[in-house]
Amino acid sequence: MLKTVKSKQCKQFFKKVVVEGYTDIDGTYMTNLQLSLQRSRQVVCELSKSDGVGKTLTAEELKEIRDLFLVGGFSFNSLKKIKAESRRVELKLEFWQLKEKEADDDSGVNDLSNKKFGKC
C-alpha cells in the first residue's frame, strides 16, 4: 500500500487511509468505544508488521504509516441489521480536494516528525 500511495501517479491525489472500528449494541458505550478502537488499532498493527512479502518495514516506512493512517472507533453509533455485521473495521481512502493540499502543507498542524510509531 505504501509503495502505491508514494507513487508519482497517486501521491498528488491520495491523502489518508481512515481505519474505523465498530461494535454491536452489547455492552456499555465506553466499553464498546474502547473495543472499536482496539479493532482499528489491531488492523494498523497487522499492516505494519511487514511489507506483504515478508520484509520488515523500516523506521521510515513506519513513519509513513503513522502519517497516512487515521485511526478511530465508534461505539454503537452505526449499527447494521445483524450484530455480526456491526462488529467490523472499515478502511476508507481519502483524497485531496482541489487546492486543499497547499493549505494543509502551509499550516504545520500535521507535523508529526517528533512522534514515534510505538509498539503493537
How many residues of the range 63-76 are closer than 21 Å to F117 by Cα and either open to solvent by 40 Å² or more (accessible area, probe 1.4 Å) or assigned to a helix (DSSP H, G or I) (or both)? The answer is 8
Of the residues that sit in the range 46-58 and are open to solvent by 70 Å² or more (accessible area, probe 1.4 Å) and among the hydrophobic types (A, V, I, L, M, F, W, C), which one is modelled with the lowest pLDDT?
-> V53
Selection count, the range 1-43, where residues are farther than 28 Å from F76 by Cβ and either modelled with pLDDT under 85 or over 16 Å from the mean Cα position of the chain (by Cα) (or both) = 13
Selection status of L79, touching a residue at least 24 places away in the same chain (Cβ under 8 Å), assigned to a helix (DSSP H, G or I) and not basic (K, R) | no
What pairs come up if the first residue lies in the range 58-75 and is more than 20 Å from K11 (Cα to Cα), the second is of a type in the set (V, I, T) and assigned to a helix (DSSP H, G or I), and their beta carbons are under 8 Å apart, counting only those six or more places apart or on different chains?
-> V71/V44
When residues of the range 6-32 are filtered for being open to solvent by less than 40 Å² (accessible area, probe 1.4 Å), under 28 Å from R87 (Cβ atoms) and of a type outside the set (D, E), how many remain?
-> 7
Evaluate the following for K92: is it exposed (fewer than 11 other Cβ atoms within 10 Å of the Cβ), under 17 Å from the mean Cα position of the chain (by Cα), modelled with pLDDT of 85 or more and within 23 Å of R41 (Cα to Cα)?
-> yes
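The values are calculated or read from the model by the stated rules, or taken from the named source; none is laboratory data. This structure is a prediction, so every number in the text was calculated from the model and none was measured. Neighbour counts run over all protein chains shown; Cβ positions are idealised from the backbone, glycine included. Protein only, heavy atoms only, side chains kept; ligands, DNA and RNA dropped before computing areas. Shrake-Rupley method; radii C 1.70, N 1.55, O 1.52, S 1.80 Å.
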